[in-house]
Amino acid sequence: MKNFSTWLLVMFMAMFWVLRIIIAVSYELGGSFGGIEPFNQTMEIILLFVVLACMILIVKRKMIGALVYLLGYGMYFGTSLVNGMITITSDTAEISVSSMGAYLGTFISLIGIVIPLAVLFDLLLDKNRKANPKDKKTDWFYKNEQFDRKMDDRADKNNYRTM
């Protein structure tokens, strides 16, 4: 992970993941965290473990991690985002406490969709991942210090590597 954007996205992922843990735990204890409740408690707990594995894959710059992350959060937050947008746009009454919960839930769903999309675009647009792929045929020699030739005063100063 050499890019600053990837570090930022992983930090946002971790903060959102911790927020989802707090929301799930508070719901299990019989309350709500600031009016936010999980849409499906069982799916929420499953997604917490899946996202943890996806974070590890994203740190290792694997595209499958970003795709699974987007697929999981897209299915979980996508339906609630659409339903929340329909509720907000069709609601002609004045703003009340119940409608504030709908606004907050829709905003959380929007964040749950934007972060995976940003992670996917970050991995897709990363030129370093494509420009310097790992090659197991040569990396054992060029990226391994134990095969460096030790030189002493009598040794010549030629480069023994081609790169």
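The values are calculated or read from the model by the stated rules, or taken from the named source; none is laboratory data. All figures in this text were calculated on a predicted structure; none of them were measured in a lab. Here the Cβ positions follow ideal geometry from the backbone for every residue, glycine too, while neighbour counts run over all protein chains shown. Protein only, heavy atoms only, side chains kept; ligands, DNA and RNA dropped before computing areas. Shrake-Rupley method; radii C 1.70, N 1.55, O 1.52, S 1.80 Å.
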Order of exposure, largest accessible area first, which applies to Ile36, Ile56, Ile111, Ile22 with probe 1.4 Å
Ile56, Ile22, Ile111, Ile36
Sparse-neighbourhood loop sites, trypsin sites (Lys or Arg not before Pro) in the range 12-65 - DSSP loop, at most 14 other Cβ within 10 angstrom
Lys60
